[in-house]
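Visitor: Here it is: the structure, laid out below.
What follows draws every value from the coordinates through simple rules; no lab data is involved. For clarity, every value in this text was computed on a predicted model and none was experimentally measured. Here the Cβ positions follow ideal geometry from the backbone for every residue, glycine too, while neighbour counts run over all protein chains shown.
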Amino acid sequence: MFLRPFVVVVVAVTATLLTNSLLAVESRKANAKPNVLFIAIDDMNDWTGFLGGHPQAMTPNLDRLAKRGVNFTNAHCIAPACSPCRLGLLYGVQPFHSGLYPFYDHGKIPKAVLGKYTSLPKHFRNNGYHAYGAGKIFHGSKAMPDDWDDYLKQSGVKLNYASELGYQQGKSAKMAFCPTTNELADHPDHQVASYGIDVLSREHDQPFFLAVGIVKPHLAFVCPQQFFDALPEKITPPLIRRNDLVDVPFAARAMANLNDDYRFRTDEAWENVHRSYLACIAWADFNIGRVLDALDASPYADNTVVVLWSDHGYHQGEKRSFRKFSLWEESTRVPFVIFDPRIHSGAANRECKEAVSLIHVYPTLCELAGLQSPDYVDGTSLVAQLRDPGAPLVEPAITTWGRGNYSVRDERFRFTRYFDESTELYDHEVDPNEWNNLTDDASLAKVKSELAGHIPGEEAPLVREGIALWNVIDADRPERLKSFEQKDWPAWLEKIRPRLE
């Protein structure tokens with residue numbers, strides 16, 4: 001049987017239209033802007049499997065992500081505190097350019113200051129993305145009106161602490177280190193992860209920027225019992241030199257949190273603190289894993305860039321200190337991973353060992369999404385390192401803590417200069433614990449000079465309006481250093497055991 005000519009034409013035209021339609025779909029897929037899954041973690045140091053910071057860390061989901069993307073093993077925060085680091089990362093500007101050095105009530109920062117900048121989610125939203133957020137992204141302000149299309153309103157279920165199974169300083173809800181007895185879904189981080197899973201399950205007609213802010217392991221160090229039970233009976237303590245502060249200047253000593261070290265030693269609580277921190281890290285990993293599993297199961301897996309970062313590190317007794325708020329390695333080094341399925345395939349264990357700063361996140365995500373960064377944005381794109389983790393960076397990582405206090409980290413050395421011109425220098429090739437201050441070593445004078453050359457010559461003045469907490473001795477509060485040197489330090493020398501000197 002033969003087809004009549006008009007039937008042949010109809011069949012041919014239909015086939016052509018179908019082929020063109022399929023080609024158009026494939027073309028749209030190839031040219032589609034990637035989605036972004038933006039995972040922020042609060043207060044997580046290098047106690048993860050993929051960074052090797054603690055032998056008992058349980059982070060299988062973070063480890064899996066690090067193997068798939070690029071693991072920046074020498075990544076450092078913009079500032080060792082929640083507010084200034086997040087402001088720097090999310091607006092793409094260094095504290096010494098913005099003047100936003102300490103903690104701020106985000107909503108009270110003058111419009112004359114923030115009005116000069118565009119937040120990362122807002123920039124994506126202005127360029128055709130839907131922006132979704134949950135948990136702690138900004139510090140002190142969960143949802144700036146123009147930044148998000150939708151932001152999770154969490155239920156405020158009270159968590160019950162089993163303090164008898166751990167440690168708690170008096171009745172302080174913040175200084176608790178123990179399991180909780182609530183259902184998993186009562187916990188804020190579980191709700192945040194569930195929101196991320198929900199967004200990933202939806203059909204989207206535009207690319208999306210999904211920010212998931214995990215709060216733990218921020219104080220209080222509390223989480224469900226099962227994550228405590230999974231740890232060994234005996235927790236390995238970090239390596240600590242009791243007289244570690246002897247060779248550092250007083251500006252550095254003033255940053256050590258000696259009070260917590262004193263209380264934990266007096267109460268014989270350090271092991272409980274370490275156990276609780278590791279448990280909270282495992283809890284954070286669990287919730288992040290839930291979101292990553294949802295992404296893998298979604299239609300967006302092949303076109304979603306995943307960036308994971310912590311806002312700063314955390315001392316666990318090193319330098320006789322607890323918490324952050326210093327310019328030493330334990331406080332500045334952070335987990336930082338970027339995975340772009342369009343670039344990376346297979347579990348290849350890609351590691352970038354160059355010192356990188358979180359200030360690079362803004363321009364990197366813009367380039368990956370094909371967006372132009374605002375002109376003012378600091379930092380440089382890391383796309384070259386995503387393609388070749390061995391590609392060199394032009395600049396070392398700079399961490400700021402208060403006006404005049406800067407630490408410069410390259411692949412081998414850390415150089416720190418304080419507002420009073422006192423300095424520290426550490427060689428990480430032979431001294432990864434930063435136990436020996438080499439600042440007076442004449443053979444390293446050239447190294448010091450080169451690193452010092454990266455410290456900003458001009459600093460923006462401190463933005464004073466909107467400050468929520470100013471807990472650093474710096475160029476704007478120099479009188480506090482004299483008081484510390486003459487009163488506080490001698491008092492600690494008499495009080496604390498084992499002795500500092």
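Visitor: Relative contact order (percent) for segment 89-188, with alpha-carbon contacts under 8 angstrom and 6 or more residues of separation?
Guide: Relative contact order comes out at 20 percent.
Visitor: Can you list the HN-Hα couplings for segment 476-493, worked out from phi with the Karplus curve (6.51, -1.76, 1.60; θ = phi - 60°), rounded to whole Hz and with x for Gly and Pro?
Guide: 8, 9, x, 5, 5, 5, 4, 5, 5, 5, 8, 10, 5, 5, x, 5, 5, 4
Visitor: Then there is this: Could you state the orientation-averaged shadow area of the convex hull built on the Cα atoms of segment 150-194, in nm² to one decimal?
Guide: That works out to 3.6 nm².
Visitor: Hey, got a sec? Which GluC sites (Glu not before Pro) in segment 208-271 land in a DSSP loop and have at most 11 other Cβ atoms within 10 Å?
Guide: Answer in residue order: E233, E268.
Visitor: Starting from the 7 Å offset along Cα-to-Cβ, what nm value, one decimal, do you get for the label separation of K111 and W470?
Guide: 2.5 nm
Visitor: Quote the charge dipole size of segment 215-265 about the Cα centre in Debye, to the nearest 20; the model charges only the Cβ of Lys and Arg (+1) and of Asp and Glu (-1).
Guide: 100 debye
Visitor: My understanding is that a pair violates if its Cα-Cα distance is over 28 Å; which of K448/K487; K67/K136; K448/K482; K446/K482; K33/K111; K153/K216 do that in this structure?
Guide: K448/K487; K446/K482; K33/K111
Visitor: Under the rule of at least 5 residues apart or a separate chain, name every residue whose amide H is placed under 5 Å from the amide H of W148.
Guide: Correct list: empty.
Visitor: Among Y314, N126, F339, whose Cα lies farthest out toward the positive end of the dipole of the chain, if unit charges sit on the beta carbon of Lys, Arg (+1) and Asp, Glu (-1)?
Guide: N126
Visitor: Using only helices, what value at 222 nm comes out for the chain when you add -39,500 (n - 2.57) per DSSP H run of length 4 or more and divide by the total residues, to the nearest 500 deg cm²/dmol?
Guide: -9000 deg cm²/dmol
Visitor: Pull up all non-local amide H partners of N71: gap of 5 or more, or a different chain, and H-to-H distance under 5 Å with H placed in the peptide plane.
Guide: Long-range HN contacts for N71: R350, E351, C352.
Visitor: Another one. May I ask which residue of G196, G115, Q169 lies farthest towards the positive end of the charge dipole of segment 105-202, with charges of +1 (Lys, Arg) and -1 (Asp, Glu) on Cβ and the Cα centre as origin?
Guide: Of the options given, the answer is G115.
Visitor: Using r as the Cβ-Cβ distance of Q206 and S443, and R0 as 51 Å, what FRET efficiency do you calculate, to the nearest 0.05?
Guide: For Q206 and S443, the calculated efficiency is 0.30.
Visitor: Here's a follow-up. Which of rounded, prolate, oblate describes segment 58-117, given a ≥ b ≥ c as roots of the alpha-carbon gyration tensor eigenvalues and a/c under 1.5 marking rounded, otherwise prolate only if a/b is larger than b/c?
Guide: prolate
Visitor: Still on this structure, please answer the following. How high is the relative contact order of the chain? Use alpha-carbon pairs under 8 Å, at least six apart in sequence, and give a whole percent.
Guide: Computed value for the chain: 25 percent relative contact order.
Visitor: So, one more: Helix 5-31 versus the longest principal axis of the chain: what is the Cα-based angle in degrees, 0 to 90, to the nearest 10?
Guide: Taking the Cα atoms of the chain, the angle to 5-31 is about 10 degrees.
Visitor: Right, next: If you filter segment 445-501 for trypsin sites (Lys or Arg not before Pro), then keep DSSP loop positions with at most 13 other Cβ within 10 Å, what is left?
Guide: R464, R499
Visitor: Nearest 5 percent is fine: what portion of the DSSP beta bridges confined to segment 125-263 is antiparallel?
Guide: Roughly 20 percent of the beta bridges in segment 125-263 run antiparallel, per DSSP.
Visitor: Quick one: angle between helix 188-201 and the longest Cα principal axis of the chain, in degrees between 0 and 90, rounded to 10, please.
Guide: 20 degrees
Visitor: Oh, and also: In whole Å and largest first, what semi-axes does the C-alpha gyration tensor of the chain yield when each eigenvalue is scaled by 5 and square-rooted?
Guide: Equivalent-ellipsoid dimensions as semi-axes: 43, 27, 21 Å.
Visitor: Still on this model: I'd like the FRET efficiency for H454 and A162, computed as 1/(1 + (r/R0)^6) with the beta carbon distance as r and R0 of 56 Å, rounded to 0.05.
Guide: Calculated transfer efficiency: 0.70.
Visitor: Using the beta-carbon distance between N259 and S155 and R0 = 56 Å, what value does 1/(1 + (r/R0)^6) give for FRET efficiency, to the nearest 0.05?
Guide: The calculated FRET efficiency here is 0.95.
Visitor: What does the charge dipole of the chain about its Cα centre add up to, to the nearest 20 debye, if the Cβ of each Lys and Arg holds +1 and the Cβ of each Asp and Glu holds -1?
Guide: 820 debye
Visitor: Could I ask something else about it? Can you classify segment 242-292 as rounded, prolate or oblate using the Cα gyration tensor, where a ≥ b ≥ c are the square roots of its eigenvalues, rounded means a/c under 1.5, and otherwise it's prolate if a/b beats b/c and oblate if not?
Guide: Oblate, because a/c is 1.5 or more while a/b does not exceed b/c.
Visitor: Also, quick follow-up: What fraction of the DSSP beta bridges in the chain is antiparallel, stated in percent and rounded to the nearest 5?
Guide: So the antiparallel bridges amount to about 45 percent of the total.
Visitor: Over segment 220-315, what relative contact order in percent results from Cα pairs under 8 Å that are six or more residues apart?
Guide: 47 percent
Visitor: A further question follows. Any lysines with Cα under 16 Å of the K116 Cα? List them, leaving off those in the same chain fewer than 8 positions away.
Guide: Result set, ordered by chain and number: K108.
Visitor: Another question about this same structure. Under the Kirkwood approximation for Rh and a Cα-based Rg, what ratio Rg/Rh is obtained for segment 293-428?
Guide: Taking Rh as the inverse mean 1/r over Cα pairs, Rg/Rh reads 1.01.
Visitor: Going by alpha carbons, how many degrees (0 to 90, nearest 10) lie between the helix axis of 270-296 and the longest principal axis of the chain?
Guide: 10 degrees
Visitor: Where the only charges are on Cβ atoms (+1 Lys, Arg; -1 Asp, Glu), what is the dipole of segment 119-170 about its Cα centre, to the nearest 20 debye?
Guide: With only Lys, Arg, Asp and Glu charged at Cβ, the dipole is about 40 debye.
Visitor: Then there is this: Could you pull out every residue, at least 5 positions away or on a different chain, whose amide H is within less than 5 Å of the one on G135? Hs are placed 1.01 Å off N in the peptide plane, and Pro or chain starts have none.
Guide: HN-HN under 5 Å from G135: L152, G213.
Visitor: With a/c under 1.5 counting as rounded, go ahead and sort segment 162-320 into rounded, prolate or oblate using the C-alpha gyration tensor (a ≥ b ≥ c being the square roots of the eigenvalues; past the cut-off, prolate if a/b is larger than b/c, else oblate).
Guide: Since a/c reaches 1.5 and a/b is larger than b/c, the shape of segment 162-320 is classed as prolate.
Visitor: At 7 Å along Cα-to-Cβ for each site, give me the label-to-label distance between H97 and E395 in nm.
Guide: Distance between the two pseudo-spin positions: 0.6 nm.
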